[in-house]
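Trainee: After the structure tokens below, expect a handful of questions from me.
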Amino acid sequence: MKVARASAVALIASALLIAPGIAEPAVQSGALPHGATYAIAPDAASPTAAIDLWFRAPDDGYAAPVPGLARVAATAAAAAKLASGRSLAESVAQEGGRLTIEVFPDIVGIGVVVPAGAARRMLASLSAAYFAPSIDETAVHAAQSDTMVLAVQQQYEPDLLAHDLLFARLFASGPAHEPPVPLSAVDVSHVTLDEVTAFAQRAFRAGNAFVSLAGAVDPTILSAVTEGSGTSPADAPIYSAPSRTAPQPLAQQGTLPAIGVAWMGPPISDERAATALDFVADYLFRPGSGTFAHVLERSGTHVALSGQFITLHDPGVLQVTVDGSDDARLQTEIVDAVNAMRQPLSAAAFVAAREAFLYHLGSDTQTASAEADNLGWYAAEGAPAYAPGGSGYAGVARSLDPSYVASVVRRYLNDPAIVRITPSAPPKGSSS
């Protein structure tokens, strides 16, 4: 599945409840006159509209690495004043909506969820803010402040820290080797207006955009996109070089305890193998129903467990994090649970697990926001028709069988990266 919100969320304009949409809405796609490709999944019953822009772009820039550049640039574009006199962030807030900005090593996503009546206006504002950015020092300063807060915040979210450390072990170079939000807030202060402007003009051009819409939307609102020039195609997917050697376990001090374990997996182009690892993550680690999650519950281990296959262009990553414990036995138990999947499940157990997996898939993709998010993510990663929630993904999932899943585990899930975060000792004289 798509990666969890690691090192990602900022700019929440306001809370907004999102009503469930219809499962597997019909998706229409095409190209916009001013550039960008689009995918739209209308749902007339939805009271909200979800509109996303996704761009292929390296999180640290195109030339000499600039930590946090994509994060600052994406946030600055949302903070810059538009022709209306308001910024995108202010416009979304005025409509009672929600704005999220997500930066991953290889792609940048901006999402808006608003009441149905505001969809056309928000699409116009969103495309103006990014396809024709007008960023000044004030917007950059606001973006730096926002990103500095995230840099500090992630020190108190050990699952996010474990995620970044795992990727640094799995990838030897390229954007995936460094966190999208720098671990040091000082790095963010060094980003300049010129760097932000140059990045925004290259990364956020319309030709490099994937527009995804879901919920209370219809194809007629696409005419609201009047900015941009389609003279250049989308960039190729951004590459990060995997490590050529087995990663050594890493022990690091942090604010709170955590454990992370991760394996390299198949590329998004191998849809059946990627879906098999989605299934493995769901079967073992889904909170409340995963078999390993049940083991932890029965043992009285009170931790936050998360496991997912992060579907990327090439390669994907199966990642498991435990937030709330640095017990080394847990990391061994996680590896043992995965290794046990090298042997096929019984036919009856597999059928039950696959049906549960398909049910979870439906429940996780009911909202307009989730639908737009998946459509945009998978398009940017290079496989738009494979987005979860659609019939294509469900068909691949139903094609899985016990022997095939076990063979994928044996092929890919070897030599994991392991990170163990232990709490730093309190300063002498501290009351803690």
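Table: residues versus (1) among the charged types (D, E, K, R); (2) farther than 28 Å from Tyr386 by Cα.
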| residue | (1), (2) |
| --- | --- |
| Leu250 | no, yes |
| Ile259 | no, yes |
| Tyr283 | no, no |
| Ser306 | no, no |
| Val320 | no, no |
| Arg329 | yes, yes |
| Met341 | no, no |
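Trainee: Additional query: Suppose we keep only residues that are among the aliphatic types (A, V, I, L, M) and closer than 21 Å to Val317 by Cβ within region 335-369. Which one would you say is most open to solvent (accessible area, probe 1.4 Å)? Give the derivation first.
Mentor: Keep residues of region 335-369 that are among the aliphatic types (A, V, I, L, M), which gives 335, 337-338, 340-341, 345, 347-349, 351-353, 356, 358, 361, 368.
Within this subset, residues satisfying the condition of being closer than 21 Å to Val317 by Cβ are 335, 337-338, 340-341, 361.
Details: Val335: 27, Ala337: 20, Val338: 0, Ala340: 65, Met341: 12, Leu361: 12 Å².
That would be Ala340.
Trainee: So is Ser243 under 25 Å from Gly382 (Cα atoms) and modelled with pLDDT under 95 or not?
Mentor: no
Trainee: If you go through region 307-325 one residue at a time, how many are open to solvent by 50 Å² or more (accessible area, probe 1.4 Å) and not acidic (Asp, Glu)?
Mentor: Of region 307-325, the ones open to solvent by 50 Å² or more (accessible area, probe 1.4 Å) are 313-314.
Checking the rest, the ones that are also not acidic (Asp, Glu) come to 313.
Looking only at that region, the number is 1.
Trainee: Mind checking which residues of region 60-74 are in contact (Cβ under 8 Å) with a residue 12 or more places away in the chain and more than 21 Å from Ala36 (Cβ to Cβ)?
Mentor: Within region 60-74, Asp60, Gly61, Pro65, Val66, Pro67, Gly68, Leu69, Arg71, Val72 meet the criteria.
Trainee: A follow-up question, please. Search region 237-260 for residues that are within 25 Å of Ala151 (Cβ to Cβ) and pair each with any residue that is in a loop (DSSP other than H, G, I, E, B) and among the hydroxyl-bearing types (Ser, Thr, Tyr) when their beta-carbon atoms are under 6 Å apart and the residues are at least 6 apart or on different chains.
Mentor: Matching pairs, first to second residue: Gln253/Ser424; Pro257/Ser325.
Trainee: Can you spot a residue in region 52-73 that is open to solvent by 10 Å² or more (accessible area, probe 1.4 Å), under 30 Å from Ala168 (Cα atoms), touching a strand residue (DSSP E or B) at 6+ places or on another chain (Cβ under 8 Å) and basic (Lys, Arg)?
Mentor: Yes, there is a match, as at least one residue in region 52-73 is open to solvent by 10 Å² or more (accessible area, probe 1.4 Å), under 30 Å from Ala168 (Cα atoms), touching a strand residue (DSSP E or B) at 6+ places or on another chain (Cβ under 8 Å) and basic (Lys, Arg).
Trainee: Same structure again: Do we find that Ala44 is at pLDDT below 50, out of contact with any Gly (no Cβ under 7 Å at 6 or more places or on another chain) and either assigned to a loop (DSSP other than H, G, I, E, B) or open to solvent by 30 Å² or more (accessible area, probe 1.4 Å) (or both) in this structure?
Mentor: no
Per-residue answers, yes or no, for (1) buried (at least 21 other Cβ atoms within 10 Å of the Cβ); (2) of a type in the set (Gly, Ala, Ser); (3) within 18 Å of Ala76 (Cα to Cα); (4) at pLDDT 95 or above:
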position	(1), (2), (3), (4)
Arg86	no, no, yes, yes
Ala93	no, yes, yes, yes
Gly96	no, yes, no, yes
Ile101	yes, no, yes, yes
Ile110	yes, no, yes, yes
Val114	yes, no, no, yes
Met122	yes, no, yes, yes
Ser127	yes, yes, yes, yes
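Trainee: Cβ-Cβ under 6 Å, sequence separation 6+ or interchain: first residue in region 267-296 and in contact (Cβ under 8 Å) with a residue 60 or more places away in the chain, partner hydroxyl-bearing (Ser, Thr, Tyr) and part of a helix (DSSP H, G or I). Which pairs?
Mentor: Correct list of pairs: Glu271/Tyr386.
Trainee: Looking for something farther than 26 Å from His163 by Cα, free of Cβ contacts under 8 Å to residues at least 40 places away in the same chain and within 25 Å of the chain's Cα centre (by Cα) - is there at least one such residue anywhere in region 213-222?
Mentor: No - not one qualifying residue is present in region 213-222.
The values are calculated or read from the model by the stated rules, or taken from the named source; none is laboratory data. For clarity, every value in this text was computed on a predicted model and none was experimentally measured. Here Cβ is always computed from backbone atoms with ideal geometry, including for glycine, and neighbour counts include all displayed protein chains. SASA here: full protein model, heavy atoms, side chains in, ligands and nucleic acids out. Shrake-Rupley method; radii C 1.70, N 1.55, O 1.52, S 1.80 Å.
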